[in-house]
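*Asks:* Handing you this structure, nothing more for now.
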């Protein structure tokens with residue numbers, strides 16, 4: 001074997017100093033690259049299998065927050081903490097799923113009715129602070145646990161695909177009561193509840209207005225962000241693995257869960273609110289919803305507010321904006337009487 005002056009072989013074999021040269025060096029680098037690629041593929045297969053099994057249940061069966069959970073954070077756990085005039089009911093959806101509901105009544109003749117829709121994993125307890133403010137302003141308030149949340153029944157959460165029909169069931173129940181509250185019916189949704197409220201109002205013309213707080217544009221886009229936070233992988237392939245299996249399990253179409261599409265069909269006034277420091281659902285989604293909405297529409301971005309502290313961060317200004325929006329819905333009805 002002939003070696004050059006630097007100890008390298010002309011045929012590409014190992015030189016005297018133990019290094020690969022020539023064709024052997026290329027082969028070595030290719031082998032390492034193939035090993036890395038193999039491990040990457042095995043990791044992707046492993047993650048895909050985990051998500052295939054676990055992912056759909058994380059999406060469709062969110063954790064139920066109980067009274068014990070809220071008890072560690074607040075003393076507002078029951079309607080009796082904010083009013084002495086309330087009723088507890090269990091309504092049933094078209095499929096027979098029981099929905100746990102509280103009907104809170106203001107003193108005097110109500111100006112209208114606000115139906116509160118909570119976020120994912122939350123329950124009707126989350127709406128009690130807001131209910132206190134609205135009762136003071138003269139509105140009847142309905143708080144209820146969405147299907148697969150709180151004390152309500154149901155196996156799966158579909159983020160509005162079925163839940164929008166439940167809102168119509170509640171509105172029909174309110175109208176059937178002998179003491180049916182007068183005035184406009186407004187939907188106030190937070191996070192997932194905002195998405196459901198927009199989808200429900202787009203199909204039910206009995207809704208006079210919508211307050212959409214910290215909402216998302218579509219289930220697919222918000223799940224992308226959720227995936228990136230949980231497993232740090234942005235691949236749409238992984239999202240599709242979870243969503244397609246979820247669709248089969250819960251018998252729904254994820255692409256149809258699109259507040260961005262629904263809000264273009266909404267004819268009622270809408271107030272869209274979001275915190276500028278929301279790290280769970282970016283406020284850009286509320287900007288997209290606002291751009292797609294028809295008039296009358298309003299966008300309110302609360303400086304420094306996160307996903308879970310809009311009322312605290314917004315303070316009296318935020319409260320005044322919400323009650324002002326409601327008052328503007330009541331005024332036209334009074335003028336027409």
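The values are calculated or read from the model by the stated rules, or taken from the named source; none is laboratory data. Worth saying up front: this structure is predicted, and the values here are computed from it rather than measured. Glycine also receives a Cβ, built like all others from the backbone with ideal geometry; neighbour counts cover every protein chain displayed.
*Asks:* If residue 141 satisfies every condition in (1) out of contact with any strand residue (DSSP E or B) (no Cβ under 6 Å at 6 or more places or on another chain); (2) surrounded by 21 or more Cβ atoms within 10 Å (Cβ to Cβ); (3) within 22 Å of residue 78 (Cα to Cα) but one, which is the exception?
*Replies:* The number of the failed condition is (1).
*Asks:* Give the stretch 264-291 a look and list any residue that's farther than 15 Å from residue 201 by Cα, assigned to a helix (DSSP H, G or I) and in contact (Cβ under 8 Å) with a residue 24 or more places away in the chain, or say none.
*Replies:* 285, 286, 288
*Asks:* Check residue 261 against each of (1) surrounded by fewer than 20 Cβ atoms within 10 Å (Cβ to Cβ); (2) in a helix (DSSP H, G or I); (3) modelled with pLDDT under 95 and name the one condition it does not meet.
*Replies:* The number of the failed condition is (3).
*Asks:* Name every residue in the stretch 239-258 that is in a loop (DSSP other than H, G, I, E, B) and surrounded by fewer than 17 Cβ atoms within 10 Å (Cβ to Cβ), in order of residue number.
*Replies:* 251, 253
*Asks:* So, one more: Those residues that are surrounded by 22 or more Cβ atoms within 10 Å (Cβ to Cβ), more than 21 Å from residue 71 (Cβ to Cβ) and touching a residue at least 60 places away in the same chain (Cβ under 8 Å), I need them from the stretch 119-136; list them, please.
*Replies:* Once the filter is applied, which keeps residues that are surrounded by 22 or more Cβ atoms within 10 Å (Cβ to Cβ), more than 21 Å from residue 71 (Cβ to Cβ) and touching a residue at least 60 places away in the same chain (Cβ under 8 Å), the stretch 119-136 yields only 134.
*Asks:* Over 20 Å from residue 128 (Cα atoms), within 21 Å of the chain's Cα centre (by Cα), surrounded by 15 or more Cβ atoms within 10 Å (Cβ to Cβ) and modelled with pLDDT of 95 or more - does that describe any residue in the stretch 301-323?
*Replies:* Yes, the stretch 301-323 has at least one match.
*Asks:* Of the residues that make up the stretch 33-56, is at least one closer than 30 Å to residue 242 by Cβ and at pLDDT 85 or above?
*Replies:* yes
*Asks:* Being modelled with pLDDT under 95, in contact with a helix residue (DSSP H, G or I) (Cβ under 9 Å, 6 or more places away or on another chain) and in the same structural domain as residue 311 (by TED's automatic domain parsing) narrows it down to one of 160, 183, 150, so name that one.
*Replies:* The match here is 183.
*Asks:* Kindly evaluate residue 211 against the criterion of being crowded, with 17+ Cβ neighbours inside 10 Å, under 25 Å from residue 305 (Cα atoms), touching a strand residue (DSSP E or B) at 6+ places or on another chain (Cβ under 6 Å) and touching a residue at least 24 places away in the same chain (Cβ under 8 Å).
*Replies:* When the stated conditions are applied, residue 211 passes them.
*Asks:* Separate question: If you check residue 139 against the conditions, is it within 23 Å of the chain's Cα centre (by Cα) and in contact (Cβ under 8 Å) with a residue 12 or more places away in the chain?
*Replies:* No; evaluated as a whole, the condition is false for this residue.
*Asks:* Applying the selection to the stretch 147-166, what residues are closer than 14 Å to residue 94 by Cα and under 16 Å from the mean Cα position of the chain (by Cα)?
*Replies:* The answer is 147, 161, 162, 163, 164.
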